[in-house]
Every structure is written in C-alpha cells, then in structure tokens.
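One structure is given below, encoded as structure tokens.
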Amino acid sequence: KQTSPAQSEFYQAVEEVLESIEPVISERPKYREQGIIERLVEPERQIMFRVPWVDDNGQVQVNKGYRIEFNSALGPYKGGLRFHPSVNAGIIKFLGFEQIFKNALTGLPIGGGKGGANFDPKGKSDGEIMRFCQSFMNELHRHIGPNTDVPAGDIGVGTREIGYLFGQYKRLVNRFDGVLTGKSALWGGSHVRKEATGYGAVYFAQCLLGDNNESMNDKRCLVSGSGNVAIYAMEKLYELGAKPVSCSDSSGTIYHEAGIDLDLVKRIKEENHDRLEAYLETHSNAHYTAREDYPEDGHQVWRYEADIAFPCATQNELTEKDAQALLENGCRYIVEGANMPCTQNAVDLFIESNTAYAPGKAANAGGVATSQLEMAQNASMQKWSFEEVDDKLQRIMRSIYRDCKRAAEEFDHPSNLALGANIAGFRKVADAMLQQGVV
Ligand code: NDP
C-alpha cells in the first residue's frame with residue numbers, strides 16, 4: 001500500500017511486479033505465510049550520507065549520497081551508482097528494487113542494490129568530478145566490499161568516475177579489491193563491460209526477432225539517449241546490419257535519415273562531454289529538435305517510422321502518446337535498454353496490442369551480468385579475452401530470454417515477457433529467501 005507519494009517511481013516499479021506475480025503467490029501459499037512480499041519491498045539497509053566537496057572557486061558544496069542494499073538472498077548486493085540532479089531516495093529505491101529481479105534473471109550469484117547522489121556532473125571540471133568522487137567514497141567505503149556490496153556505473157558514472165572512486169577506496173582501505181565494476185580494462189576491468197548493456201539489449205532483440213523468423217538486417221531503429229547504453233546498442237545494431245536513425249540527450253533529439261554517425265556521437269559524448277546539438281556542425285542535413293519543441297505529453301525521438309524502438313536514456317521517457325505514435329508508424333518491437341523507460345500506460349498499450357515488448361529488467365541485464373564476470377575475473381586474478389566475455393554475454397542473454405518466455409508460457413501469456421521476467425526473477429529470489437529463513 002502506497003504510504004509515501006514522494007516515492008512515485010518506487011511504487012510504480014513495485015506495483016508492476018506485484019501485479020504480475022499474483023498467480024505465483026496463489027500457487028505457493030508459503031510465499032505469503034513467510035512474508036516474502038513484505039520483506040521484499042523493504043530494503044535490507046539504506047544508507048544516506050552527506051557528500052561535501054570544494055568546487056573550483058573554493059566554495060564548499062554539499063550533495064546527498066545514497067546506497068540502498070536491497071536484497072542479498074542470491075549474493076552480494078550489486079547495482080550501479082547514478083549521479084544526476086534528479087536522484088532522490090525514491091529513484092534509488094525503484095532502481096534497487098528492479099535490480100533484485102534483473103540480477104536473479106542473469107542466473108549469477110548477485111543480490112540487488114543501487115546508489116548515487118543528486119550531483120550534476122554537467123559543466124563540472126575534471127578536478128571537481130574527482131573531488132566529488134573522493135568525498136563520496138570517504139563514506140561509501142565502509143559499507144562495501146568484494147563479498148558484501150559491489151557498485152558499478154549508471155547515469156553520470158562511467159569509467160572516469162569509477163577510476164576516481166576506486167582510487168580513493170584503495171587509498172582508504174589499502175587493498176586492491178574487486179570492489180567496483182566498470183573499471184578501466186588497464187587495471188582490473190573486464191573486456192566488454194563498457195559495451196555490455198547496449199550489446200546485451202541488441203542480443204535480446206535478436207532472440208525476439210528470431211522467434212518471428214526475422215533478423216536485424218535492414219531494420220530501422222529509433223534509439224533514445226546518447227550515453228553508454230545508447231552508444232553501444234547503436235554499435236551492435238550497425239554490426240548486425242540494422243540502421244539507427246535517432247538518438248537524444250536531455251536537451252534534444254537528433255534524427256538522421258542516412259543513419260546516425262556513431263563515431264561523431266562518441267566524440268561529442270565520450271570525449272568532449274558536449275551537447276548532442278553539436279552533431280549539426282558536421283551534419284547539417286540531420287534534423288535536431290530541442291526539448292522545448294517536443295510534442296505535448298511525449299518525446300520527439302519516438303515520432304519517426306521504425307521497426308524497433310530502443311529506449312536507452314532514463315525512466316518514463318516513453319509515454320502512452322509516444323507508444324501510440326510508434327504503433328501508428330509501424331514499430332513492432334520495443335526493447336528497453338534503460339530502466340523503466342516506458343510509462344505503465346505505454347507498457348499496457350504494447351501488451352494489449354500484442355506488440356513484442358522486452359522489459360528492461362531482462363533486456364538490459366547484460367551490463368550487470370558482465371559486471372559479475374568482472375568480479376569473477378578479479379577474484380580468480382584472471383583476464384579473459386574480448387571474445388570469451390562477449391560469448392558468455394550472448395549465452396546469458398539467450399538464457400534470460402528463454403527463462404522469461406518459459407515463465408510467460410507457463411502462466412498462459414506466451415507473448416507477455418514482462419510477466420515472464422517478473423515471475424522468473426521473483427521465484428529465484430523468493431525461493432532463496434525461504435531457504436534462508438526469516439531474516
Ligand atoms: P549515461 O549517463 O551514459 O547516459 C544517459 C543518457 O540519457 C544521456 O544521453 C543523457 O543525456 C540521457 N538522459 C539522462 N537523464 C535524462 C533525462 N532526465 N531526460 C532525457 N535524457 C536523459 O547513462 P547510461 O547510458 O549508463 O544509462 C542509461 C539508462 O540505462 C539508465 O536508465 C540506466 O539506469 C540504464 N542502465 C544502464 C546500465 C549500464 O551498464 N550503464 C545497465 C542497465 C541499465 P545527457 O547527456 O543530456 O545527460
């Protein structure tokens with residue numbers, strides 16, 4: 001029951017899961033008797049802390065830091081850190097809750113957690129980013145460990161930030177632990193981690209299309225975002241012969257009929273940390289729509305013709321109106337690279353219209369799965385080749401797809417992968433909780 005309207009994203013995520021697992025709960029009364037739901041929705045531990053730092057003008061700034069250790073039934077808490085001004089306890093809780101089931105779906109021994117800060121990396125110098133990360137770790141280090149809680153990146157936290165966080169952790173504890181994933185491949189990072197979420201989402205899409213005897217070749221794709229997930233989804237799409245024609249950032253959307261110039265997007269976003277609008281300086285024939293000119297109740301990025309849509313930016317970025325526009329424009333597959341990017345009304349519309357819809361907790365699980373492969377390499381002091389990790393990632397994505405499909409079929413909704421993902425993830429966590437007693 002909703003008691004705090006401020007945590008709307010968290011309640012949205014919980015309602016979605018609880019609704020789909022109803023048939024499993026009725027089937028196995030032990031889940032109810034043992035208070036599994038009540039225990040699942042309450043994080044095992046929530047840490048909130050002050051993050052003070054000094055900006056380039058010598059002014060003291062203070063942000064709010066969070067780490068929510070949600071559920072450790074299947075393994076150490078695992079989940080990313082998000083640095084974005086919109087971060088609050090409700091957003092971190094929704095992300096942590098989703099992470100429990102996503103991690104369970106990977107079949108790997110990892111529990112669910114999430115963290116971050118309401119820090120805005122935009123416009124900050126490298127020195128400011130470093131000082132912020134160091135201050136964040138000054139508190140976080142006492143709560144994490146390679147067998148306790150292993151954070152990774154998310155929005156606003158990439159290889160650079162993980163580097164600064166790790167450097168400070170090592171200085172504080174005097175150990176070279178595999179305590180963070182998404183590290184540089186130079187010093188403990190895994191091949192394919194950077195690419196894993198985007199590649200994984202496309203591998204998942206391949207399974208979906210394959211079931212309809214279709215391939216990715218020549219498919220027109222709408223992608224939102226231009227960060228880590230979006231960039232490597234587009235890279236894999238090109239490799240498989242598909243054509244991404246859009247991408248976006250928080251200021252606007254680029255549509256390029258000839259296909260997005262990915263090298264240019266990488267340069268703008270990964271090297272220059274600039275706005276996507278800079279794309280027009282090289283491609284004046286591309287079309288840019290600023291955020292203020294988006295259609296009412298929606299986003300420009302979903303208003304073009306396409307076969308497949310990959311929302312890869314942030315939560316609730318694809319509304320019911322966007323969903324209608326996609327369907328009217330012939331889109332037949334929706335694959336979520338981001339976490340909960342479609343509003344519940346949009347999801348309902350996809351499911352009612354029998355459109356193939358792949359929920360984020362299944363389709364974007366390649367990132368956390370590869371993070372676990374990074375943990376395994378760190379623990380055994382090994383480094384696997386790019387091909388070896390990519391091969392494991394593909395197998396994991398196929399197995400997640402199979403598990404979701406099987407659960408959806410078992411409960412008589414064969415094409416409802418959202419239901420399948422929730423049920424398959426829930427059963428693994430709930431059974432582990434039953435075996436571990438009421439704790
Ligand atoms: P990045 O920070 O690398 O990129 C985020 C992208 O989304 C940027 O283009 C950003 O634009 C845009 N964006 C962020 N917030 C908003 C907003 N409020 N409105 C519009 N656009 C926005 O993050 P990631 O690519 O890592 O993450 C994207 C999504 O994927 C998130 O939902 C994340 O939780 C999820 N995810 C990420 C994983 C990973 O491995 N990185 C794993 C699984 C899920 P701008 O540049 O203007 O900020």
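None of the figures in this text is laboratory data; all of them are computed from the coordinates on show. Computed from a prediction, not measured in an experiment: that's the story for all the values here. Note that we place each Cβ from the backbone using ideal geometry, even for glycine, and neighbour counts take in every protein chain shown.
I want the local charge near residue 189. Using Cβ-Cβ distances under 10 Å, sum +1 for each Lys or Arg and -1 for each Asp or Glu among the other residues.
Values: positive: 183, 193, 194, 383; negative: 374.
So the environment of residue 189 carries a net charge of +3.
Give the long-range amide H neighbours of residue 331: residues separated by 5 or more places, or on another chain, with amide H under 5 Å away, using H modelled in the peptide plane at 1.01 Å from N.
Placed amide hydrogens put 306 under 5 Å from residue 331.
When DSSP beta bridges are limited to those with both residues in the chain, what percentage is antiparallel, rounded to the nearest 5?
That works out to approximately 55 percent antiparallel.
Placing +1 at every Lys and Arg Cβ and -1 at every Asp and Glu Cβ, with all other atoms neutral, what dipole size does region 5-178 have around its Cα centre, in debye to the nearest 20? Let's see the in-between values first.
Working: 21 positive and 22 negative charges, 125 e Å.
Around 600 debye, computed over region 5-178.
Can you work out the PRE-style zone for residue 19? Point 7 Å along Cα to Cβ, and I want the residues of region 334-356 with backbone N under 17 Å.
340-355, by backbone N distance to the label point.
With θ taken as phi - 60° and the coefficients 6.51, -1.76 and 1.60, list the Karplus ³J(HN,Hα) couplings across region 204-216 in order, rounded to whole Hz; mark glycine and proline as x.
So the Karplus estimates, Gly and Pro as x, are 5, 4, 4, 4, 4, 5, x, 4, 9, 6, 10, 10, 6 Hz.
Near residue 438, within a Cβ-to-Cβ distance under 14 Å, what is the net charge of the other residues, with Lys and Arg +1 and Asp and Glu -1?
On the way: positive: 30, 32, 39; negative: 33, 38, 42, 44.
Taking every other residue near residue 438 into account, the sum is -1.
In region 5-178, what % of DSSP beta bridges are antiparallel (nearest 5)?
Working: 18 of 27 bridges.
Percentage antiparallel, nearest 5: 65.
Step through the table entries 30/78; 236/266; 269/321; 124/269; 236/269, compare each Cα-Cα distance with 20 Å, and write down the pairs that go over it.
The answer is 30/78; 269/321.
Once phi is turned into θ = phi - 60°, what whole-Hz ³J(HN,Hα) does the Karplus curve with 6.51, -1.76 and 1.60 give for every residue of region 14-22, x standing for Gly and Pro?
5, 4, 4, 5, 4, 5, 6, 8, 3
Pull out a ≥ b ≥ c, the square roots of the eigenvalues of the alpha-carbon gyration tensor of region 5-178, then state rounded if a/c is under 1.5, prolate if not and a/b is larger than b/c, and oblate in the remaining case. Write down the numbers at each step before the final one.
Working: a/c = 2.70, a/b = 1.83, b/c = 1.48.
Taking the square roots of the gyration eigenvalues as a ≥ b ≥ c, region 5-178 is prolate.
I need the phi-derived Karplus couplings for region 326-331: 6.51 cos²θ - 1.76 cosθ + 1.60, θ = phi - 60°, integer Hz, Gly and Pro marked x.
Listing the rounded values in order: 4, 5, 5, 8, x, 6 Hz.
Shape call for the chain from the C-alpha gyration tensor, a ≥ b ≥ c root eigenvalues: rounded (a/c under 1.5), prolate (a/b greater than b/c) or oblate?
rounded
Provide the packing ranking of 192-202, 123-133, 107-117, 211-221, i.e. peptides ordered by the mean count of other C-beta atoms within 10 Å per residue, highest first. If you can, show how the numbers build up before the last one.
Values: 192-202: 27.5, 123-133: 17.1, 107-117: 25.6, 211-221: 14.9.
Ranking, from highest mean packing down: 192-202, 107-117, 123-133, 211-221.
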